[in-house]
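S.K.: Questions regarding the structure given below will be posed in turn.
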Ligand code: ASP
């Protein structure tokens with residue numbers, strides 16, 4: 001426990017120093033030095049997390065599924081998990097839409113700032129819009145389901161954007177092993193159990209260097225964000241302040257109302273233990289902006305600090321990292337309406353209901369990597385008749401909001417894992433022996 005606390009504090013220190021360094025380095029023009037000598041340590045940390053995400057998901061789901069007594073349990077846990085994930089995303093969207101309609105941040109953007117932002121970010125916005133159209137252009141209504149089934153295991157394992165395919169393969173392998181006679185299944189099962197144990201050890205090793213990784217990632221991100229923006233980050237923040245407040249307020253309300261209500265009334269988990277327990281994962285999510293990269297840490301803290309059984313965490317969390325993105329959905333709702341408000345386009349109730357539907361689907365399809373949310377936002381904007389070029393207005397502050405929405409995304413995953421574990425009697429509420 002002592003060591004654990006020390007690690008928490010070190011990661012927080014890394015985070016704070018990274019933020020401060022980023023701002024100072026941008027003001028003194030240390031960009032080149034930072035990208036040559038500091039950013040690589042962040043990149044190594046991020047790569048290491050991604051490196052173990054695929055083997056971890058494969059090994060933990062296969063062993064989890066194969067250890068079930070029958071497949072009914074799998075469909076029960078699966079159905080419950082997906083249902084709760086969708087419900088929390090809808091609540092997040094309603095909160096986002098309520099805030100953006102009440103605050104109307106789009107009305108606060110002066111015309112000259114709008115012109116300036118459009119001019120500055122239009123090339124970048126076009127690039128993202130093109131990417132989104134290429135990715136989504138020719139898709140039929142069932143393409144998302146088709147995409148879940150890989151035609152090549154190594155192909156899906158080679159990209160962190162295909163985590164849902166890895167989840168699919170792992171469940172299939174697990175079910176097949178479950179159906180084999182025990183002695184035939186045993187060698188492979190022992191292999192995956194051993195792989196699982198090894199990967200968990202690697203997570204522990206990576207967490208030891210997390211403070212340095214977090215520092216380097218934040219130092220580099222903040223140097224870049226501050227340098228890239230016209231007139232500096234602070235002016236930009238001033239211009240888009242209301243929009244940022246709307247997104248952040250939404251995220252805070254969703255975490256502090258929706259998740260705490262679930263935890264307080266539907267599980268025996270105390271809020272203190274929950275939030276202290278998942279703090280390391282939240283810090284990693286904030287610095288990596290990727291729920292996929294954070295997944296190994298989320299699983300580790302859910303099991304060790306929250307007492308969620310491995311059976312539940314190994315299934316619910318990888319699924320959550322890929323299909324449950326409450327923070328992203330909330331941000332998409334706020335951003336879509338904000339852009340419409342700024343451009344003077346009125347979005348009626350119908351259009352806003354359409355945003356809810358599209359954002360739920362988008363959050364399922366959004367890859368758990370940095371900036372994936374804004375690509376899906378393009379699709380939402382196009383569907384409700386707002387020019388996709390409007391994302392130019394928000395691109396400058398997107399990275400910062402990405403960090404925050406990713407924290408909300410993984411907090412949602414951990415909340416649902418706790419709820420599912422509690423409903424399955426698989427939540428160990430005894431005081432934890434943390435790593
Ligand atoms: N970065 C987010 C995540 O990985 C996705 C997004 O909103 O861009 O959870």
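No value in this document is a laboratory result; all are computed from the given coordinates. Everything numeric here is computed off the predicted structure, so don't read it as measured data. Note: ideal-geometry Cβ built from the backbone for every residue, glycine included; neighbour counts use all protein chains shown.
S.K.: What whole-number distance in Å separates the alpha-carbon centres of the range 181-224 and the range 410-429?
M.R.: 21 Å
S.K.: OK, next. If eta is 1.306 mPa s and T is 10 °C, what Stokes-Einstein diffusion coefficient results for the range 351-419, Kirkwood Rh from Cα pairs, in µm²/s? Walk me through the numbers on the way to the answer.
M.R.: Values: Rh = 13.1 Å.
It diffuses with D of about 121 µm²/s by this estimate.
S.K.: Rounded to the nearest 0.05, what FRET efficiency do residue 111 and residue 346 give with R0 = 22 Å and r taken as the Cβ-Cβ distance? Could you check?
M.R.: Step by step, r from the Cβ atoms, then E = 0.80.
S.K.: Return the equivalent ellipsoid semi-axes of the range 176-312 as a descending list in whole Å, where each equals the square root of 5 times an eigenvalue of the C-alpha gyration tensor. Could you put the intermediate results ahead of the total?
M.R.: Working: eigenvalues 283, 97, 37 Å².
In descending order the semi-axes read 38, 22, 14 Å.
S.K.: May I ask you to sort 254, 8 by Cβ crowding, counting other Cβ atoms within 10 Å and putting the fewest first? Show your work: numbers first, answer last.
M.R.: Working: 254 26, 8 17.
Ordered from fewest to most neighbouring Cβ atoms within 10 Å, 254, 8 come out as 8, 254.
S.K.: Taking the square root of 5 times each eigenvalue of the Cα gyration tensor, what semi-axes in Å does the equivalent ellipsoid of the range 233-352 have, largest first?
M.R.: Equivalent ellipsoid semi-axes, largest first: 32, 16, 14 Å.
S.K.: In the range 171-215, what is the volume of the convex hull around the alpha carbon atoms, normalised per residue and reported in Å³? Could you put the intermediate results ahead of the total?
M.R.: Working: hull volume 2.9 nm³, N = 45.
Convex hull volume per residue, Cα atoms: 65 Å³.
S.K.: Taking the inverse of the average 1/r across all pairs of different Cα atoms in the range 5-51, what Kirkwood radius in Å do you get?
M.R.: 11.9 Å
S.K.: Distance in nm between label sites at residue 35 and residue 252, each 7 Å beyond Cα in the beta-carbon direction?
M.R.: 3.4 nm
S.K.: Would you kindly compute the Cα radius of gyration of the range 1-82 and its largest Cα-Cα separation (Dmax), both in Å?
M.R.: In Å, with Rg to one decimal and Dmax whole: 20.7, 62.
S.K.: Based on the mean of other beta carbon atoms within 10 Å per residue, what is the order of 337-348, 176-187, 35-46, most packed first?
M.R.: Highest-to-lowest ranking by the protection proxy: 337-348, 35-46, 176-187.
S.K.: Hey, another quick one. Any idea how far the Cα center of the range 347-361 sits from the one of the range 24-94, in Å?
M.R.: Going from one Cα centre to the other spans 27 Å.
S.K.: Just rank 304, 264, fewest to most, by other beta-carbon atoms within 10 angstrom.
M.R.: Fewest to most other Cβ atoms nearby, the residues stand as 264, 304.
S.K.: Cα convex hull of the range 1-140: mean projected area in nm², to one decimal?
M.R.: Here the figure is 16.2 nm², rounded to one decimal.
S.K.: Return P(r) of the range 300-355 (all Cα-Cα pairs; 5 Å bins starting at 0; whole %; ordered from short to long distances).
M.R.: P(r) for the range 300-355, in whole percents per bin: 4, 16, 17, 14, 10, 8, 9, 9, 9, 3, 0.
S.K.: What order do you get for 323-331, 68-76 when each peptide is scored by the mean count of other beta carbon atoms within 10 Å, highest first?
M.R.: Descending packing order for the listed peptides: 323-331, 68-76.
S.K.: Between residue 126 and residue 172, what FRET efficiency follows from the Cβ-Cβ distance if R0 is 51 Å, with the result rounded to 0.05? Walk me through the numbers on the way to the answer.
M.R.: Numbers: r = 40 Å, r/R0 = 0.78.
Given R0 = 51 Å and the Cβ-Cβ separation, E is 0.80.
S.K.: Now a separate question. Contour minus end-to-end for residue 158 and residue 202, with contour as 0.36 nm per residue of separation and end-to-end as the Cα-Cα distance?
M.R.: 13.9 nm
S.K.: If you don't mind, another one. Suppose the Debye formula is applied to equal point scatterers at every Cα of the range 292-419; what is log10 I(q)/I(0) at q = 0.11, 0.19, 0.21 Å⁻¹?
M.R.: Computed log10 I(q)/I(0) values: -0.41, -0.95, -1.09.
S.K.: Once you have the Cα-Cα distance between residue 179 and residue 272, take 0.36 nm times their residue separation minus that, and quote the gain in nm to one decimal.
M.R.: Stretched fully, the residue 179-residue 272 segment lengthens by 29.3 nm.
S.K.: Test of understanding: in a Gaussian network model of the chain with alpha carbons linked when under 10 Å, which of 312, 16, 166 would top the mean-square fluctuation ranking?
M.R.: 16
S.K.: Multiplying the sequence separation of residue 47 and residue 101 by 0.36 nm and subtracting their Cα-Cα distance, what value in nm do you get?
M.R.: Working: separation 54, 0.36 × 54 = 19.44 nm, distance 3.96 nm.
Extra length available between residue 47 and residue 101 comes to 15.5 nm.
S.K.: Give the peptides 210-216, 104-110 in descending order of average Cβ contacts within 10 Å, highest first.
M.R.: Ranked from most to least packed, the peptides come out as 210-216, 104-110.
S.K.: How big is the Cα convex hull of the chain in projection, averaged over all directions, in nm²?
M.R.: 20.5 nm²
S.K.: A further question on this structure: For the chain, what is the mean residue ellipticity at 222 nm derived from helices alone (per DSSP H run of n ≥ 4: -39500 (n - 2.57); sum divided by total residues; nearest 500 deg cm²/dmol)?
M.R.: Calculated mean residue ellipticity at 222 nm is -26000 deg cm²/dmol.
S.K.: Here's a follow-up. Order these by the 10 Å Cβ neighbour count, fewest first: 383, 27.
M.R.: Least to most surrounded, the residues fall as 27, 383.
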